[in-house]
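Coordinate-derived values only; no laboratory data. Because the structure is predicted, anything quoted here is derived from the model rather than measured. Positions of Cβ are generated from backbone atoms using ideal geometry, with glycine treated the same way; all protein chains shown enter the neighbour counts.
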Amino acid sequence: MRKPIVAGNWKMNKTVAEAIDLAESIKRDLAACQKVDVVLCPPFTALSAVGNVISGTQIDLGAQNMHWEKSGAYTGEISPEMLRDLFCHYVILGHSERRQYFGETDEIVNRKAKTALALNLHPIVCVGETLEERKAGRTNEVVEKQVRGSLADFGARGWLESIIAYEPVWAIGTGLTASPAQAQEVHALIRSVLQDISDEHVAKSVRIQYGGSVKPGNAAELFGQPDIDGGLIGGAALDASSFIDIVLAAQETA
Ligand code: 13P
């Protein structure tokens, strides 16, 4: 039985004061949440403050990106060691916004994920097709290529420590959600690719989140699918009560 994991990706939103407020509100309801892994991913500037708010609770801290090197002359970048220093346990890698606007390729994502694993950070590796690719019937091909490239050569321990997030690009921030059946189909495909690159145990154990316009109203049905193990939440994670309701929906399936 895989434990659901719900992560809030706050993207480039919230000042430190706003982030503290949001984390405090979420903490009031979810501090002791046991059945679902709850992760907050504020921007870098608020990691420390949010980490302080959730310290000693069941809620974990995650970052939204990192560099592939542990340290060095990379002006403006943040290293995985710095994230560990702030008690981050997770890091989102290869989000479609990073692939689209910052040129991240599967090779870069793979390099980052391997460094994250070496430093005991759980990578949340994002994959997903664009609307054009879906319309052209290329969804499976695109997602398979991303999974093979981004998650190459992790080794069994590395795969088991990783989370995959399937986020169809056309569903992100658009209000369009993949139907539960559409999402389930791709999640099952991802599991079959995992089986091919690793083994059955890994394929059955790795948690695969769905992301893309998840809201309190559609979360239960999505999370009820056999291969969907929670969600990566954008817009709805910026509102405490919406995020809490989404976590509670995941709890129902646990
Ligand atoms: P939305 O929930 O705003 O569609 O964003 C999803 C996402 O990109 C999470 O990483």
Residue among S205, S198 that is farther than 22 Å from A7 by Cα and either among the hydroxyl-bearing types (S, T, Y) or within 16 Å of the ligand (Cβ to nearest atom) (or both): S198
Selection status of T130, within 18 Å of S213 (Cα to Cα) and crowded, with 16+ Cβ neighbours inside 10 Å: yes
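Yes/no matrix, rows are residues, columns are (1) of a type in the set (D, E, K, R); (2) under 19 Å from P123 (Cβ atoms):
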position: V206; (1), (2): no, yes
position: S213; (1), (2): no, no
position: F223; (1), (2): no, no
position: G231; (1), (2): no, yes
position: D239; (1), (2): yes, no
position: I244; (1), (2): no, no
Residue selected from the stretch 244-254 under the condition part of a helix (DSSP H, G or I) and not charged (D, E, K, R), by the criterion nearest to the ligand (Cβ to nearest atom): I246
Candidate set from the stretch 147-190 (those that are closer than 16 Å to E97 by Cα and of a type in the set (S, T, N, Q)); member that is surrounded by the fewest Cβ atoms within 10 Å (Cβ to Cβ): T174
Hits in the stretch 5-17 - residues which are in contact (Cβ under 8 Å) with a residue 24 or more places away in the chain and more than 16 Å from the ligand (Cβ to nearest atom): T15, V16
Counted residues, the stretch 80-119 - those being more than 13 Å from S162 (Cβ to Cβ), within 16 Å of the ligand (Cβ to nearest atom) and touching a His at 6+ places or on another chain (Cβ under 9 Å): 1
Residues located in the stretch 54-76, provided they are surrounded by 20 or more Cβ atoms within 10 Å (Cβ to Cβ) and over 18 Å from the mean Cα position of the chain (by Cα): I54
Pairs where the first residue, in the stretch 221-233, is within 14 Å of the ligand (Cβ to nearest atom) and the second is part of a strand (DSSP E or B) and of a type in the set (V, I, T), C-beta under 6 Å, 6+ apart: G230/I5; G230/V6; G231/V6
